[in-house]
Structure formats: C-alpha cells, structure tokens
Amino acid sequence: GNQKATHSENSQGKKSQHAEEAIFYMNCRAAYLTVLKSSLENIKSKEQLSLVLQQAGRNPSQKTINKYWTSQTSSLNFDDFCAILRKEKPATKNELLEAFGKIDTDKAGYISHDELCKILTTRGDRMTWEEVAIITKQADFNCNGKLDYNKFCELYLSTSEQCCKAARDRLETDPRLRQQHFGNQTENFPEGITLPVSKPSPRVSRKTDHKLAKGDSRAPSRPSSAQSSKASTSTTVTVGASSSRNTKLIIEPDTMKEWQCAQSRGCFYLEENGEIISHKYRLHLPQRSALCITIKPLSIPQAEGKSCHWLSVDTTLFILKENETQENLQLVSFTELQNKEMFGWRGELGSGVYWLLPFTTGCRLRRGKTQISGEAKLVWRDEDGELALTKEFRAALLDIFETIDLDGNGLLSLEEYNFFELRTSGEKCDQEAWAVCKENFEMKKNELTRQGFLDLNLMEANDRDGDPWDLWVTLLSLGYNKALEMTEACPFVIDICAERCKPRIKAISLEAGGSQLSRAVCRSVVHRGEAKVLDGSENIFIYTYRSGSRITSVIENKSENKVIIHVNNEQSKNCLNNRGLTVFAVEVAPKSMMVCQHVMALNEQEEWIYSCVHSLV
C-alpha cells in the first residue's frame with residue numbers, strides 16, 4: 001500500500017512538473033513571438049532583449065541586460081531566452097515592498113514625490129525628470145504629493161500579468177502563430193488510453209544520413225537555435241514529373257452497371273486565420289457490400305477568362321466507423337488511390353453508420369498574396385433606374401448555387417440553403433422564413449430554383465439601395481476575391497457506389513476537422529508510412545508517407561517529456577508545404593503524435609525532391 005501511494009505521488013509529481021514546464025514554455029513563446037516573427041529568429045540587440053524580457057513580465061535593469069549581452073554577444077536565440085527567464089524570476093510583491101521599505105524609514109506607506117524623484121534620477125538606471133513625472137501624475141497611486149507604494153506595487157504586478165496574458169491570448173487565438181512556429185494537429189490521447197506499442201517492422205529504419213546529421217559541409221544550414229540538437233534524421237523522396245498522378249484508380253464501368261450510387265457535393269472554405277472548414281457526412285449502409293468511394297474537386301463553369309484555382313487542390317476522404325459514441329470513431333480507411341484529380345478507395349464495408357471526413361492539406365488552398373486592382377461591379381441600374389445584377393455577378397452566383405446544391409438536383413432545399421446561411425451570416429432560416437421565401441421567390445417542390453436564388457440576392461441589393469457591402473460579405477465568406485474569382489474555397493463532389501445495397505449519404509455539419517480528423521490523418525500515416533527512429537533518441541519516430549500527389553510526415557513522441565523538433569526543408573526542390581516555411585520547429589507533447597507537414601510539388605510537370613532533416617532541439 002505504501003509503495004502504491006509512493007508511486008501515485010511520484011506520478012502526480014511528474015504530471016505537475018510536466019504541467020509547469022508546459023506553462024513556462026508557453027509563456028516563453030508568447031513573449032518571444034510578440035516581438036519576433038518566429039521562434040527561430042534571433043534576438044539581435046540589447047533593445048530587443050529588454051523588450052522580450054518585459055513581455056515576459058520582467059523589468060530588467062541595464063545591469064541585468066549587460067550580464068547577458070556582453071561585448072562578444074552578436075545574437076541570442078530562443079533557447080538562450082528561456083535560460084535567461086529561468087534565472088531572472090519576476091519580482092514578487094514582497095520583494096517590491098521590501099525595496100520601498102528601505103526608503104520609507106518611517107513605515108508610513110508613502111514616499112514623497114521629491115524624495116522619489118531624487119532617488120530615481122540619481123541611482124541605478126537613472127530616469128529623467130520627465131519619466132518620473134509620468135509616474136507621479138498617475139492618480140491611482142498618488143495623493144497630496146506622495147506615492148502610495150503599496151498601490152503602486154499592486155498596479156505594477158497586475159499590469160505585468162496583463163501584458164503576459166495578452167501575449168498568451170494572442171498566441172492561443174492566432175492559429176497562424178501556432179501552426180507556423182510550433183505546429184498544429186497535436187494528438188493528445190485521452191487519459192487512460194496509451195499509444196499502441198510498435199511491433200518490429202521492416203518499415204522501421206534506424207539508418208540516418210550521418211553526414212547530414214553530423215553537420216557535413218553539404219548539410220542544410222540551421223539557425224543557431226537548433227545547433228544544440230541531440231539527435232537528427234534525414235528523409236529524401238524523389239518524385240518524377242507528373243508521376244504523382246499515375247496511380248490509377250481502376251473502375252471498370254461494365255462491372256458496376258448494376259451497382260447503386262449516391263452523390264453529395266461540399267466545399268472546403270479557408271478561414272481568415274488559415275484554418276480550413278468543410279462539410280462532414282454520415283454514410284448509412286443497410287447491409288455489407290463492396291464499395292467504391294471517390295472524391296474530387298467539383299468542376300463548375302467559371303466566368304469566361306477566370307482561372308479555376310481550386311481544381312489543383314488535393315482532396316482526401318477519411319472513412320470512420322461509428323461506435324456507441326461519436327467521440328470514439330474508428331479509422332477504417334481513406335481515399336489513397338489517385339487518377340488525375342480524383343482520389344478513391346475500393347473495398348468492402350459491413351452494415352452500419354460511417355462518418356466521411358473530407359480533408360485537404362492546405363498546400364494549395366491558402367490565403368493569396370496577389371493584389372487585386374479594382375473591384376468588380378455587382379449591380380447596376382437600367383434606364384428606368386431599377387437595380388439589376390451584373391453579368392459577372394450573376395455568373396458567380398450561379399457557380400455558388402452549383403456549390404451549395406449538395407444533392408445536385410438543380411434546387412436548394414431548406415437544409416442546403418441553411419448551410420449557405422450558416423457560412424455567410426452565421427444564422428439559420430426557419431420554416432416560417434422559408435415560407436416567406438416561397439411566397440416571394442421561385443420554388444419547385446418547396447425548393448429554391450436558380451432564378452429564385454438570383455432574385456433573393458437582388459432583393460438584398462435593393463434592401464441596401466444598391467450598396468453592395470452585404471453582397472461582398474457573402475462573396476468573401478464563400479472564398480471569392482474582389483475580382484469575383486474563387487481563390488479561397490474548393491468545392492468537391494463525393495461519389496459512392498455499392499454492389500449490394502443503396503448507400504445513403506447526408507451532410508451533417510460545416511466545421512473544422514477537429515481532433516477526429518487529426519487523429520485519422522496521423523494514424524493513416526503511421527499505418528502506411530515508413531518509420532525512422534531519430535538517431536540517438538529511441539522514443540521519437542518520424543513517419544513519412546507518400547499518397548498520390550502529396551507527402552505527409554508525422555512525429556510520434558513516446559517519451560515522458562515534451563520535445564521540440566527542428567524541421568529543415570532547405571534541400572527540397574520544386575516543393576511547397578502547408579506551413580509556408582522552409583525551416584520551422586514543432587513541439588510534440590509527451591505520449592502523443594502530430595502532423596509535422598504536408599508537402600506537394602510546386603510544378604507537377606517537373607521532378608520534385610522532398611528532402612527533410614528532423615533534429616531534436
């Protein structure tokens with residue numbers, strides 16, 4: 001019993017220590033990224049060092065700055081910054097009161113402004129009279145020519161904490177910071193669920209490019225923040241021109257004539273913060289059957305002269321089996337066979353309910369940097385002064401109709417229209433409002449026609465007396481730019497054919513993939529990919545998997561401690577990744593796995609080489 005209690009205490013102690021370490025590094029990152037663009041960027045001056053320390057709740061004196069920035073110092077990296085913060089603890093209230101108490105010999109709780117000014121302008125890091133005046137003019141802790149230093153200390157500490165909290169909040173609420181500099185899609189397994197023990201496999205390789213790992217002259221250069229790496233491994237994959245599209249998804253039309261099919265459309269939408277959301281689906285199979293499931297970008301007619309950016313976006317569909325609870329979905333498979341822009345899966349599934357989760361890497365669906373000159377006109381007035389939709393806007397609306405018409409029957413049901421409303425306004429249209437639409441706009445079988453949809457948007461323009469602001473809100477939320485090009489969305493179509501039963505597919509939600517999708521991506525790579533152990537670190541595995549036109553790497557950390565992995569793609573050629581960075585770092589929590597990066601060819605007509613070095617920092 002005593003041994004169990006001791007073991008439990010030790011376990012709790014380790015968890016507490018891990019939690020404290022996680023909070024410490026989160027605060028370090030938050031402060032660092034408030035001043036610098038990346039955790040891999042170095043502090044280049046005393047002024048920057050002072051600023052990042054202040055963002056971390058410290059108030060360093062010049063003496064403190066000089067201690068860490070000597071005449072030999074040219075830069076400090078993130079690791080150096082963390083080490084400084086460990087040594088320079090933030091001042092406590094007792095320490096501040098003790099310092100003021102040495103001046104307030106009468107223990108009155110106040111210091112006269114004259115005495116305060118004399119001390120601050122003649123001792124230590126001397127302040128100017130103007131700087132002191134700013135302090136003495138603060139009404140919160142000054143009265144009758146005296147400073148209430150107890151109130152001053154309270155305000156100082158609360159302001160310092162607010163500064164730290166603002167930095168943390170910025171880090172937490174800005175996925176671009178988390179994604180670009182320390183990764184995303186971290187898979188933390190619920191308490192009580194342990195990672196499966198990896199069996200010895202011929203796919204696991206312990207060989208690494210030692211020349212690269214040991215810093216050979218041909219090795220990629222690394223920022224100084226990674227120079228203390230303890231272990232590293234390199235992976236190289238060469239893909240021939242257009243060979244990424246040569247994996248044939250063979251579907252024999254003759255053998256599928258009697259098969260029953262179902263179809264649904266959907267769309268990937270790019271959020272302002274870089275996150276990608278999409279429709280999610282439930283698939284119901286009445287009985288066991290052979291199946292063919294495909295997904296591809298939806299080809300819709302764009303206005304003449306407009307490019308179809310989304311047709312090059314990669315798409316994948318993950319198939320998960322529903323058990324007693326939606327929280328515990330089991331990965332069955334995913335569409336890994338490729339034929340041009342189509343990805344598919346063939347196999348057999350038992351009767352029951354399955355979830356279909358669409359996925360795109362984000363390599364090609366990303367926020368554009370192209371400057372748009374001018375703004376497309378949406379409405380105009382005819383000779384009678386009546387508002388009308390421009391030809392270009394009508395074409396865009398008809399394209400949108402094709403995208404949101406999920407069953408492809410040429411009509412919008414209330415359910416389909418509500419996905420459109422949720423995306424553009426965040427609200428749903430109820431039955432009563434739908435009845436009003438029916439009275440004012442063309443419908444068939446209680447579903448909105450194309451003309452009805454056009455008239456609905458024209459009414460919105462009339463309600464604003466021709467002001468296109470609301471119309472632009474709708475267009476931008478659906479991935480269109482001011483030139484009426486769909487650049488930040490990718491419509492797709494899912495086809496399901498079953499040999500022995502009629503499959504039923506239904507869109508359930510429009511949201512980000514979440515932990516279920518992250519887990520599915522990680523597990524698909526771990527099960528299918530090649531594994532390498534980081535040389536010198538038995539508990540860290542790098543899995544690399546090529547599926548059709550993309551390569552995905554996953555990092556698994558089986559150790560009890562979190563790790564930071566430095567990732568260097570500088571030797572890759574003709575590649576682009578979902579992070580938009582050649583060099584970055586990811587943090588992997590204890591006993592977890594996460595997607596490191598997705599990589600695709602920049603130009604599929606040319607050979608591309610994925611060459612990546614992972615190093616333990």
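The values are calculated or read from the model by the stated rules, or taken from the named source; none is laboratory data. Only a predicted model underlies this, so the values are computations on that prediction, with no experimental measurement involved. Here Cβ is always computed from backbone atoms with ideal geometry, including for glycine, and neighbour counts include all displayed protein chains. Heads up: the accessible areas ignore ligands, DNA and RNA and are worked out on the full protein's heavy atoms, side chains in. Shrake-Rupley method; radii C 1.70, N 1.55, O 1.52, S 1.80 Å.
Structure above, values below:
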item	result
Unsatisfied cross-links (Cα-Cα over 25 Å) in the set 89/146; 93/146; 532/573; 118/165	89/146; 118/165
Burial ranking of peptide ranges 266-277, 582-593 (average Cβ count within 10 Å, highest at the top)	582-593, 266-277
Proximal charge balance of residue 333 [Cβ under 14 Å; K/R count +1, D/E count -1]	+2
Share of carbon and sulfur in the accessible heavy-atom surface of the stretch 21-152 [1.4 Å probe, %]	51
Ranked by how many other beta carbons lie within 10 Å on average, peptides 24-36, 455-467 from highest	24-36, 455-467
Above-threshold pairs, the threshold being 20 Å between Cα atoms, out of 37/591; 296/377; 296/340; 377/438; 377/428	37/591; 296/377; 377/438; 377/428
Whole-percent carbon and sulfur share, accessible surface of the stretch 379-486, 1.4 Å	47
Distant-in-sequence amide H partners of residue 110 (H built 1.01 Å from N, under 5 Å)	none
Three-way shape call for the stretch 332-450 based on the alpha-carbon gyration tensor, with the a/c threshold at 1.5	oblate
Surface per residue (accessible, 1.4 Å probe) for the stretch 76-155, Å²	65
Carbon/sulfur fraction of accessible area - the stretch 542-581, other protein chains in place, 1.4 Å, %	42
Cα-centred dipole magnitude for the stretch 517-588, charges only on beta-carbon of K, R (+1) and D, E (-1), debye, nearest 20	400
Accessible area of the stretch 469-617 divided out per residue, in Å², using a probe of 1.4 angstrom	32
Average accessible area per residue (Å²) across the stretch 260-406 - probe 1.4 Å, nucleic acids and ligands excluded	46
Contact order relative to length of the stretch 379-486, as percent, for alpha carbon pairs under 8 angstrom and 6 or more apart	26
Estimated dipole of the stretch 93-173 in Debye, rounded to 20 [Cβ of Lys and Arg +1, of Asp and Glu -1, Cα centre]	60
Three-way shape label, the stretch 353-420, alpha-carbon gyration tensor, a/c 1.5	oblate
Rounded, prolate or oblate (a/c below 1.5 giving rounded, otherwise prolate when a/b exceeds b/c) for the stretch 428-513 by Cα gyration tensor	oblate
